[in-house]
Amino acid sequence: MFDLDNIEDSEEELDSLEEVVMGLIINSGQARSLAYEALKVAKQGDFTKAWELMAKSRESLHEAHLVQTKLIEGDAGEGKTKVSLVLVHAQDHLMTSMLARELVTEIIELHEKIK
C-alpha cells in the first residue's frame, strides 16, 4: 500500500502510487457504470432495482472518494505527491462519476414521477 506519510520519489513508491490511482479509476468507473445501468432499468420501470443499483454505485463512489481523501491528506497542500497524467486522469474519472450519479438520480426521480 502507498505510504502517504513518507512519500519519496523512488520507483517503488511511484509504483505504489499508480496502484492507488488505478483503484481510484476502477472504483469511479464502477460507480458510473452502475449509475447508467440503474438509469436503463428505471426507463424499463423497475425502480426498486434502479435504486438498488444506485446504492451500489454510491458504495463504489465512496471507496473512490476515500482514496482521493487519503491522497489529499497525504499531500497536505505541500506538493508531496508527484502529480502524473494518470493521477489527473483518475481525478477526472472521479469527478465525472460524481456528476453522472447526481444527474442519473434526478432522471430516475423524474421517471418515477412520470410513471
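Name the residue that is surrounded by the most Cβ atoms within 10 Å (Cβ to Cβ), counting only residues in region 104-115 that are among the aliphatic types (A, V, I, L, M) and over 16 Å from the mean Cα position of the chain (by Cα).
I108
May I ask you to list the residues in region 74-103 that are β-branched (V, I, T), within 15 Å of the chain's Cα centre (by Cα) and open to solvent by less than 50 Å² (accessible area, probe 1.4 Å)?
Across region 74-103, the qualifying residue is only V86.
May I ask you to list the residues in region 42-53 that are assigned to a helix (DSSP H, G or I) and surrounded by fewer than 20 Cβ atoms within 10 Å (Cβ to Cβ)?
Across region 42-53, the qualifying residues are K43, F47, T48, K49, W51, E52.
Provide a single number: the residues in region 91-115 that are small (G, A, S) and either more than 18 Å from A35 (Cα to Cα) or touching a Phe, Trp or Tyr at 6+ places or on another chain (Cβ under 8 Å) (or both).
Of the residues in that region, 1 qualify.
The values are calculated or read from the model by the stated rules, or taken from the named source; none is laboratory data. In this text, all values refer to a predicted model and were calculated from it rather than measured experimentally. With ideal geometry, Cβ positions are generated from the backbone for all residues, glycine too; neighbour counts draw on all protein chains shown. SASA here: full protein model, heavy atoms, side chains in, ligands and nucleic acids out. Shrake-Rupley method; radii C 1.70, N 1.55, O 1.52, S 1.80 Å.
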